[in-house]
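The structure appears below as structure tokens.
The values are calculated or read from the model by the stated rules, or taken from the named source; none is laboratory data. Only a predicted model underlies this, so the values are computations on that prediction, with no experimental measurement involved. We place every Cβ from the backbone using ideal geometry, glycine too, and count neighbours over all the protein chains shown.
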Amino acid sequence: MQTLIEALQRTADLVVNQFYEELARLPKSRRILEMLSEQELAHLKGRQVQNLLALAQPALNSQEHAAMAMRIGRIHAIVGLDKEELVRSRGILQELVYKQIGHRVSGQALSLYARRLTSDTAWQLKAYQAVEDSQQEVLQRITRIVWVAGSYTHFIDQVIGALSTHDELVACAIGRPDAAGIFHFEAGAGGSAQDGNVLLAALGGQGHDISVRADHPCGQGAVGRAWRSGKAERVVNYQTDPLVARWREMAEREGLRSAVALPLAAPGQPPIAVLMLYSAWPGGFVGPDQVAFVELLQTLLGCAVTRLQIQEGMHGAAVPVSVRQHRAALVRTGALEMHYQPLLNLATGRCGKVEALARLRDGERLLTPDEFLFSLASDDLLELFARGLDQALADRRQWLAAGHDLDISINLPPAALNDIRYFEATREALQTHACPSARLTLEVLETEAFSLIEGQRAILAKFRALGVLLAQDDLGSGHSGLARLRELPFDWIKIDREIAQLDGDTALDALRVVYQVTRLGHSLGKLVLAEGVDSADLLAALAILGVDGVQGYVIARPMPAAQLPGWIAGADVHDAHDASGAQAGESVLARLARFVVWEERVQLIAAAPGAARDLLKAAGFVALTPLAEALVGLGDMLPAGAARDELQSDLLRALLDGGRESDAWRAALDRLMRAIVATAQATLPPAPVPSHTH
């Protein structure tokens, strides 16, 4: 073997130079070589010489050989050299070696070297399989993430976590642009320090701004091009690509040699975010296998961000990782302040319950959930829930000592139904503060991530067994709320404020929806609460429709714990019985609510055999039966008199003869609406002079 080594030392440089000349004649190999700078090509040739000499070492054992070959094969796979080209190139190399040293060494040594070259090729091919297995594994993980991620922040953290284990990547990062078009990375992993925070600091460091605008001097990088084109854009080699010259030094420092930018979007739609994948080698992401992997990954993630955008109305601009870290630190460092919004019980006219709402004190600012919640990672959300619940139950204990026995309601993040730690935190907090379980309500927000899988049902059952009450928050904000309402053990349902948007001509339909949801909830044994109530008129209408409770600015705004006892002591308590009874000065909304109840009652009784005939007789005012007398009257929606009687008769006939789709019904309804508005305007007292005190 010593003779073999000496021969190789004299001829290895010549063999390698001839080898690369031959490779340059092969189209696939030439494409890879053309990606390299002169320095990189020289370095590659030097490594090839070292490899040839290493294969001739007598002490080389199979384990060391396998590790060396697998490392080289992995590089070949990552840079996109296909297997056929690898086998062909190894044949060329072996022929050149034989040509230069075959006549100088013994046949035994040459045979051993040939076997090592063959084994080297086999081990390299095995490395290809390892890279392919890594691709399949990460795609499987991403597929699971696509369907279970409950928020954008949770999604990007999980995606980066999955991709960071992939054999082809040295780093990855994801982000979005701000309103000015400057791109901000929101999550990342890898880089020279194998630390996502260090990597993101480097990517977004001074002088490394990235823009998505074509007219910006920093807008021609892969991210900017991908954002504008909607297609994957590559940096084949940071050291040779003139479009990324401004990031060349940073890329070299972080060990980033090539990259691909993947815009994430629904087909035909503008991007929502951009994912960057980085390779430690020039030419990554351009081989056929890499292209197929990237395309499938882009499709999967595009579906996910589209779903999340629809589901949670993602904030349009990125939250830089530094801001995310700052807000996560606030959660853990005493900046959390729970505020409380009273819930009015319309049956008693009193406040017996408050909803606990998180706030974060950031210097002089007090951040609301809309400003910080979406930027928190999954562990941050758990910490927020645990600390918030602990603070809320501690405040409840103080109110109880002061004579105010209040129930507490608090939001349970959708992630809690996939994470048993939320249940443990709830049980521990109840024990710590000696709070009866039934005095705590957990509000579960309806989202598409809430998929009724068996594990989620099991965790809900644990909360139920613990004795806490469960509320379905924002009923109607998702697509399958009614199924969940029927199947899951909720005690309360909260009507999404968007359902009850009472704008102009839509007010009547909105009240109809609220009434039907309320009746449905009651029929299933659940209490119904409406949130976002901001006017006394709406409050009165909801009382007429049978809603059990309300919260909103018309009752009180969220307030610190110390202010709540004073508010309760001085509150102008509403009399729910007066609110639901007839009043001379009722608003348009209250009168419309009475009409909704009347309309429903007429249709219900008309469905009984013979009842429609009875009601039609009543419409003609011929011998009213007691049943008809009770159901057909329009009550105090309109003043008594011939005009009301005539309108009632027309409404009844139109509704019972032609139904709600008939022209007669629409004409009669239009007359009723005009009459209600005119009557309300004539009977309502003058509006009070606005007060500037709060």
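Things to note:
- Residue list for segment 162-208, restricted to those being crowded, with 21+ Cβ neighbours inside 10 Å and among the charged types (D, E, K, R): Glu168, Arg176, Glu186
- Criterion (assigned by TED's automatic domain parsing to the domain that holds Ala273 and buried (at least 17 other Cβ atoms within 10 Å of the Cβ)) met by exactly one of Leu297, Leu373: Leu297
- Of the set (1) free of Cβ contacts under 8 Å to residues at least 40 places away in the same chain; (2) small (Gly, Ala, Ser); (3) in the same structural domain as Ala265 (by TED's automatic domain parsing), all apply to Ala114 but (3).
- Boolean, Ser151 is surrounded by fewer than 16 Cβ atoms within 10 Å (Cβ to Cβ) and more than 21 Å from Gly283 (Cα to Cα): no
- Only listed residue being surrounded by fewer than 19 Cβ atoms within 10 Å (Cβ to Cβ), at pLDDT below 95, at positive phi and not assigned by TED's automatic domain parsing to the domain that holds Ala415, chosen from Gly349, Gly363: Gly363
- Residues located in segment 147-158, provided they are in a helix (DSSP H, G or I) and within 16 Å of Ala318 (Cα to Cα): Tyr152, Thr153, His154, Phe155, Ile156, Asp157
- Some residue of segment 290-297 being without any contact (Cβ under 8 Å) to a residue 40 or more places away in the chain and over 25 Å from Leu412 (Cβ atoms): yes
- Restricting the first member to segment 392-410 and to residues that are β-branched (Val, Ile, Thr), and the second to residues that are in a helix (DSSP H, G or I), the beta-carbon pairs closer than 7 Å and six or more apart or on different chains are Ile408/Ala392; Ile408/Leu393; Ile408/Arg396; Ile408/Arg439; Ile410/Gly388; Ile410/Leu389; Ile410/Ala392.
- Set side by side, the residues Glu186, Glu132 differ, and just one is among the acidic types (Asp, Glu), in the same structural domain as Ala280 (by TED's automatic domain parsing) and closer than 25 Å to Leu296 by Cα, which is Glu186.
- Top-ranked residue of segment 39-82 - restricted to ones that are small (Gly, Ala, Ser) and surrounded by fewer than 19 Cβ atoms within 10 Å (Cβ to Cβ), ranked as farthest from the chain's Cα centre (by Cα): Ala59
- Hey, Ser111 more than 30 Å from Ala189 (Cα to Cα), of a type in the set (Gly, Ala, Ser) and out of contact with any helix residue (DSSP H, G or I) (no Cβ under 9 Å at 6 or more places or on another chain) or not: yes
- Criterion violated by Gly91 - all others in (1) surrounded by fewer than 20 Cβ atoms within 10 Å (Cβ to Cβ); (2) free of Cβ contacts under 8 Å to residues at least 60 places away in the same chain; (3) farther than 20 Å from Ser29 by Cα satisfied: (3)
- Filter result for Trp227 (in contact with a His (Cβ under 9 Å, 6 or more places away or on another chain), buried (at least 21 other Cβ atoms within 10 Å of the Cβ), modelled with pLDDT of 90 or more and under 30 Å from Glu34 (Cβ atoms)): no
- Taking segment 178-260 as the region of interest, the helices (runs of 4 or more DSSP H) fully inside it that hold 3 or more residues being of a type outside the set (Asp, Glu) and closer than 22 Å to Thr153 by Cα are 196-203, 222-229.
- Subset tally (residues that are modelled with pLDDT of 70 or more, acidic (Asp, Glu) and in a helix (DSSP H, G or I)) for segment 564-617: 2
- Number of the condition not met by Thr153 [criteria: (1) modelled with pLDDT under 90; (2) assigned by TED's automatic domain parsing to the domain that holds Ala7]: (2)
- Complete set of residues in segment 257-280 that are within 25 Å of Gly302 (Cα to Cα) and over 23 Å from the mean Cα position of the chain (by Cα): Ser258, Ala259, Val260, Tyr278, Ser279
- Filtered residue count, segment 1-38, keeping only those that are under 45 Å from the mean Cα position of the chain (by Cα) and farther than 15 Å from Leu81 by Cβ: 1
- Index of the failed condition, Leu538 passing every other in (1) in contact with a Leu (Cβ under 7 Å, 6 or more places away or on another chain); (2) at pLDDT below 70; (3) part of a helix (DSSP H, G or I): (2)
- Restricting Ala358, Ala318, Ala292 to those that are touching a Lys or Arg at 6+ places or on another chain (Cβ under 7 Å) and either farther than 24 Å from Ala180 by Cβ or not charged (D, E, K, R) (or both) reduces the list to Ala318.
- Qualifying residue in segment 464-487 (condition: under 23 Å from His339 (Cβ atoms), assigned to a loop (DSSP other than H, G, I, E, B), within 30 Å of the chain's Cα centre (by Cα) and at pLDDT 90 or above): yes
- Residue within segment 397-404 that is surrounded by fewer than 23 Cβ atoms within 10 Å (Cβ to Cβ) and closer than 23 Å to Glu531 by Cβ present: yes
- Of all the listed residues (Val87, Val105, Val97), the sole one being β-branched (Val, Ile, Thr), assigned by TED's automatic domain parsing to the domain that holds Leu44 and at pLDDT below 85 is Val105.
- Inspection of segment 525-533 finds no residue satisfying the criterion of being part of a loop (DSSP other than H, G, I, E, B), modelled with pLDDT under 85 and among the β-branched types (Val, Ile, Thr).
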